[in-house]
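In what follows, a structure is listed as structure tokens, so that the remarks can point back to it.
The values are calculated or read from the model by the stated rules, or taken from the named source; none is laboratory data. In this text the structure is predicted, and so the values were computed from the model without any measurement. For neighbour counting, all protein chains shown are included, and Cβ atoms are generated from backbone atoms with ideal geometry for every residue, glycine included.
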Amino acid sequence: MQARSKSVFGSPAGTNRQAARFGCTRRQRTKLFLDVQSRRAGMSDSRATIVPHRLELNRVRQRLVALVLPVVLLLPGTMLPCAAWADSGFEMMRAYSTYIGTFGEFGRTEYGGGKLNPGTQSAYGFRYYERQGIITGTVTAILLAMGAAQEANSAKSVESHKSGNYVVTTTTYHSASERAAIMASGTAAAGAAASAKDQSFDLEIFSRNLGGTASGWRMNSYYGFPFWRMMFEFGLGLGSIDTALLVKGQSVYSSYAYWGMPMRLDYGGEFAWFFLEADWNFAGYGYRANLAPTVKGDALLLRSIDKLPWKLGVASSILGGRIFGEAVATTPGISSAEFAIKTTVGVRF
């Protein structure tokens, strides 16, 4: 019986076959594979039982920092009505501001392989964020101008007909006046996009060199529509993030792609700025969005992209508006019971 168990569970392929025979889900197969690999590593290398304990201690410390830091940083600006050194949340939302800082995120993130990954991710990196800035408008203006130039110089119509043994194709291009009108319309649209007041841009750079498990980048650009003390924003989001971590002594890698539409509802309070955001990820659709776990060497490769992760956050600034802090709770899905905590600390210009 022992020899048979070894032949079935002693290899990743055997584990997947045995799990599939009993109707296990992909997440259960992943957990089974990690359990088997952990037992094998424990018999051959005592360090495999030491590393997970160290990782667990680090996760406990990271969770404590993630919970305590937002409270220490944001409580004075959100709870004390007499704190004159705290900026109005409404002014933070509507006024021109540039934020540069660092962030940390801990928990079940949307870029960590989804429910297939049994580990807890941690991410550190740098962040550039601007409100009422120029980056979103400038990029949009360039794209509109390029589109107008392409349209002005493209064919207006293409017609084909048969004449004897030949097929005659007639291509009609825009006249000089039509090209001028198209370029004028494109220039006007580009100017309006560049000069739009309520626009913002958010860029995050992830690095494992800072001690986290994630590496890559993510950006969101928004256009906003204000009403009362609130604002609705939407735009374009892009990103690519890879994670690598140890789970029960086993290396687990996941890849995440992001291109979609971020949608955000802001509320500017008296001493804090609150927001609810949903990032509609178009990369979460299609056969490449969720692939079965595969084994490459001694590592397990995962790819599971959530279609609509949610974020609920609060931000405030102190010391004359020069120090900026933000705390965000994120979840891979509105019905998911898994969460991550993200904090940002930086300077505001």
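Tabulated data for the structure shown
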{"read-out": "Options Arg348, Arg303: the member that is crowded, with 16+ Cβ neighbours inside 10 Å and within 20 Å of Val252 (Cβ to Cβ)", "value": "Arg303"}
{"read-out": "Hey, Arg303 of a type in the set (D, E, K, R) and under 18 Å from Met92 (Cα atoms) or not", "value": "no"}
{"read-out": "Output for segment 195-228, where each listed residue is among the hydroxyl-bearing types (Ser, Thr, Tyr), under 19 Å from Tyr253 (Cα atoms) and at pLDDT below 90", "value": "Thr213"}
{"read-out": "Count of residues meeting criterion [out of contact with any His (no Cβ under 9 Å at 6 or more places or on another chain) and over 19 Å from Met146 (Cβ atoms)] in segment 157-198", "value": "17"}
{"read-out": "Yes/no for Ile142 being under 30 Å from Asp306 (Cα atoms), outside any loop (DSSP other than H, G, I, E, B) and modelled with pLDDT of 90 or more", "value": "no"}
{"read-out": "Residue in segment 198-217 that is in a strand (DSSP E or B), under 30 Å from Lys342 (Cβ atoms) and in contact with a Leu (Cβ under 8 Å, 6 or more places away or on another chain) present", "value": "yes"}
{"read-out": "Top-ranked residue of segment 243-262 - restricted to ones that are at pLDDT 85 or above and surrounded by fewer than 17 Cβ atoms within 10 Å (Cβ to Cβ), ranked as nearest to Gln132 (Cα to Cα)", "value": "Met261"}
{"read-out": "Check on Trp217, assigned by TED's automatic domain parsing to the domain that holds Met92, hydrophobic (A, V, I, L, M, F, W, C) and under 27 Å from the mean Cα position of the chain (by Cα)", "value": "yes"}
{"read-out": "Qualifying residue in segment 181-194 (condition: closer than 30 Å to Thr102 by Cα and modelled with pLDDT of 85 or more)", "value": "yes"}
{"read-out": "Test: Glu151 is in the same structural domain as Arg208 (by TED's automatic domain parsing), among the acidic types (Asp, Glu) and either surrounded by 13 or more Cβ atoms within 10 Å (Cβ to Cβ) or over 27 Å from Phe201 (Cβ atoms) (or both)", "value": "no"}
{"read-out": "Qualifying positions in segment 264-297 - within 30 Å of Ala95 (Cα to Cα) and modelled with pLDDT under 85", "value": "Glu270, Phe271"}
{"read-out": "Close pairs (9 angstrom Cβ cut-off, 6 or more residues apart or separate chains): in contact (Cβ under 8 Å) with a residue 12 or more places away in the chain in segment 241-256, among the acidic types (Asp, Glu) and outside any strand (DSSP E or B) anywhere", "value": "Lys248/Asp35; Gly249/Asp45; Gln250/Asp298; Ser251/Asp298; Tyr256/Glu110"}
